[in-house]
Amino acid sequence: MSLLLLAGCQATQQSVPQDAASAAASTTAASTRTTPAFAFEEADIASLQAKMGDGSLSSRALTQAYLDRIAAVDDAGPMLNAVIETNPDALKDADALDAERKAGKLRGPLHGIPVLLKDNIDAMPMVNSAGSLALANHRPKTNAFLVQRLRDAGAVILGKTNLSEWANFRSTRSSSGWSGRGGQTRNPYALDRTPCGSSAGTGTAIAASLASVGIGTETDGSIICPSAVAGLVGIKPTVGLVSRSGIIPISQSQDTAGPMARTVADAAALLTAIAAADPDDTASAERTTSDTIDYSTHLKADALKGARIGVVRKLMGYQPDVDASMERAIAALKAAGATVVDAEIPTAGKWDDAEYEVLLYEFKDGLQAYLAASDAPIKTLDGLIEFNKANASTEMPYFGQEIFEQAAAKGPLTDAAYITARDKARKLAGPDGIMAALKKQDLDALVAPSMSPAWTTDLINADHFTGAGYGAAAVARTPSITVPMGDSHGLPLGITFMGAAWSEARLIELGYSFEQATKSRKPPRFLPTVSFDPVK
């Protein structure tokens with residue numbers, strides 16, 4: 001979650017936190033190294049499938065290439081620190097999928113495609129730690145529901161990615177992309193800049209072509225923000241579209257997993273694989289249909305023609321490059337045939353206090369349920385607080401656990417204070433917020449800048465957000481998709497499309513049409529800091 005708010009199988013990073021000086025020194029050193037050429041840089045799923053289909057590429061060769069890429073630019077070279085652990089079974093799994101292909105069995109578009117998962121998702125035989133050393137030996141005995149969906153679709157689980165520890169719900173002054181187990185993840189566009197979070201490792205890894213696609217999770221911004229600052233497409237689904245079973249939680253009200261990819265087409269293919277009803281996830285009962293949707297059929301280049309789009313201008317005005325890119329994006333929407341009007345979320349910001357209260361209550365309840373069900377080595381939030389105190393030099397060298405302590409003081413979900421806050425937050429963000437804005441002008445979607453340009457990573461003073469456009473959809477539990485729209489001195493900027501519940505297909509149409517009209521994504525150059533030279 002981005003709140004405006006070493007043990008392990010083949011662990012790729014040491015379980016030692018980096019201080020600001022050592023991080024800066026290694027970043028400077030990394031800048032003098034040459035990043036090796038990579039045959040599959042920016043390769044999309046369709047092109048990889050074509051190569052595997054004609055026999056010029058195998059899943060094993062592709063998987064090995066990504067493992068080599070991780071060794072070259074994540075563990076060495078720029079030292080992105082994005083992948084916290086690789087799957088020891090990845091090559092074996094790729095071999096099995098190659099054998100199936102040879103035998104004429106194809107599972108679908110993801111057959112043989114390597115995927116990275118955020119390290120708060122259960123995936124055997126790897127550790128699931130939420131980045132915490134307290135869970136560095138925690139190996140769940142089952143796969144998360146969405147991981148089994150990926151395996152059934154033929155994906156190769158390549159490994160796990162670093163994250164803001166506990167999905168950025170431990171301290172009020174944390175650094176996005178830092179965890180006790182994984183250290184500080186870097187932004188591949190400028191190594192001294194934040195990767196945002198909490199799905200920091202997934203964002204950096206997919207931007208840097210360490211895998212084909214990746215999975216992030218979001219409570220409030222944790223897919224949209226790291227996708228935007230990494231020049232990616234990120235989809236935050238309606239809560240209930242994708243299962244949360246087997247994911248270390250923050251909030252049963254707002255949590256969801258979703259795709260992070262370099263193209264809308266790849267994100268759509270990944271969403272198709274993971275979107276399914278799960279009887280063990282209560283939010284699945286809210287689904288309006290049990291039918292499986294192939295989101296790839298909604299890749300319509302002309303979808304903006306005749307669309308009605310509302311620009312939420314009150315979510316602009318915090319950074320001039322963002323505003324300039326947004327104005328160019330608005331012009332592109334109009335040129336593609338959309339009717340663009342100014343819109344307002346009338347309740348914007350009024351739900352913040354209620355949302356935070358809900359998250360504190362639900363974090364304690366949901367986390368303790370997960371720890372018990374997965375047989376984690378520590379079973380309570382109080383136990384984690386004590387672990388952090390006992391291991392403060394490695395777990396709390398830069399920031400504390402104020403949010404943990406606030407959550408630990410909360411009562412059960414039957415408390416009147418919780419129920420009142422939950423209902424208030426949902427109403428203000430949903431019916432009185434996003435839905436009111438959409439209905440007032442009969443809009444297909446609202447748009448706003450996804451995020452500011454990435455700020456300089458600062459382990460001393462913590463994150464410094466200046467603005468974002470994703471909060472309403474997070475609290476309303478409705479979908480959003482960020483698509484690259486430009487850059488600020490080489491730092492990617494995104495535009496977020498927000499729609500009504502279960503409107504993922506329509507948002508994918510609009511996002512794809514915008515992507516095809518603008519082609520704004522640029523691959524990272526692993527610069528040590530921001531370059532003020534023109535980006536070529």
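For the pair Leu413 and Tyr318, the difference between a 0.36 nm per residue extended length and the Cα-Cα distance amounts to 30.5 nm. Within the range 212-279, the proportion of Cα pairs with more than 16 Å between them is 41 percent. Extending 7 Å from Cα along the Cβ direction at Ala331 and again at Ser531 yields two label points whose distance is 2.5 nm. Among the listed values (i) 58; (ii) 12; (iii) 19, the one computed from these coordinates for percent of Cα pairs over 41 Å apart is (ii).
Accessible surface comparison of Glu165, Glu402, probe 1.4 Å, protein chains only, largest first: the order is Glu402, Glu165.
Remark: accessible surface ordering of Trp502, Trp351 (largest first) is Trp502, Trp351, probe radius 1.4 Å. Rg then Dmax, both in Å and based on the Cα atoms of the range 295-433: 22.1, 60. For the range 122-145, backbone nitrogen atoms closer than 17 Å to the point 7 Å from Asp375 Cα along Cα-to-C-beta are found at 122-129, 135-144. For Met451, the residues whose modelled amide H falls within less than 5 Å of its own, excluding neighbours fewer than 5 places apart on the same chain, are Gly469, Gly494. For Ser480, the residues whose amide H sits under 5 Å from its own are Lys236, ignoring neighbours fewer than 5 places away on the same chain, with H placed 1.01 Å from N. Which stretch or stretches of the range 228-246 have amide N atoms under 18 Å from the point lying 7 Å from Thr292's Cα along the Cα→Cβ direction? Backbone N within reach: 241-244. Kirkwood's formula applied to the C-alpha pairs of the range 235-373 gives a hydrodynamic radius of 18.1 angstrom. Were the residues from Lys300 through Asp382 laid out at 0.36 nm apart, the gain over their Cα-Cα distance would be 24.5 nm.
Here's the picture: charge each Lys and Arg Cβ at +1 and each Asp and Glu Cβ at -1 in the chain, and of Leu57, Pro431, Gly154 the one pushed furthest to the positive end of that dipole is Leu57. Between Ser393 and Ile460, the C-beta separation translates, for a Förster distance of 22 Å, into a calculated FRET efficiency of about 0.85.
Within the shell of other residues whose beta carbon sits under 13 angstrom from the beta carbon of Asp432, the net charge comes to +4, with Lys and Arg scored +1 and Asp and Glu -1. Here the 3J(HN,Hα) profile of the range 61-76, calculated from phi with Karplus coefficients 6.51, -1.76 and 1.60 at θ = phi - 60°, is 5, 5, 4, 5, 4, 5, 4, 5, 4, 4, 5, 7, 10, 9, 8, 9 Hz, Gly and Pro shown as x. The distance between label points at Ser56 and Glu41 comes to 1.9 nm (points 7 Å beyond Cα on the Cα→Cβ vector). All other residues whose Cβ lies under 11 angstrom from that of Leu210 are scored, Lys and Arg at +1 and Asp and Glu at -1, for a net of -3.
The sum of -39500 (n - 2.57) across all DSSP H runs of n ≥ 4, divided by the residue count of the chain, sets its helix-only mean residue ellipticity at 222 nm to -10000 deg cm²/dmol.
Reducing the range 88-128 and the range 351-384 to their Cα centroids gives an inter-centroid distance of 31 Å.
Three semi-axes describe the equivalent ellipsoid of the range 336-387; taken as square roots of 5 times the Cα gyration tensor eigenvalues and ordered largest first, they are 41, 16, 8 Å. Of the solvent-accessible surface of the range 289-382, computed with a 1.4 Å probe over protein heavy atoms with every protein chain present, carbon and sulfur atoms account for 50 percent. Taking a Cβ cut-off of under 11 Å around Leu110, the surrounding Lys, Arg, Asp and Glu residues balance to a net charge of +1, with basic ones at +1 and acidic ones at -1. Measuring only protein heavy atoms, the 1.4 Å probe finds His489 accessible over about 90 Å².
Couplings for the range 399-413, taken from phi via the Karplus curve 6.51 cos²θ - 1.76 cosθ + 1.60 with θ = phi - 60°, read 8, x, 9, 4, 5, 3, 5, 5, 5, 4, 7, 7, x, x, 6 Hz in order; Gly and Pro are left as x. For the range 147-271, what class follows from the C-alpha gyration tensor (a ≥ b ≥ c being the square roots of its eigenvalues): rounded when a/c is under 1.5, otherwise prolate if a/b is larger than b/c, else oblate? Note, shape of the range 147-271 comes out oblate. Separation of the range 196-217 from the range 310-344 is 27 Å, based on Cα centroids.
The values are calculated or read from the model by the stated rules, or taken from the named source; none is laboratory data. Since this is a predicted model, take the numbers as computed values, not measurements. Heads up, the Cβs are rebuilt from the backbone with ideal geometry, glycines too, and the neighbour counts pull from every protein chain shown. Surface accessibility is based on the protein's heavy atoms, side chains included, excluding ligands, DNA and RNA. Shrake-Rupley method; radii C 1.70, N 1.55, O 1.52, S 1.80 Å.
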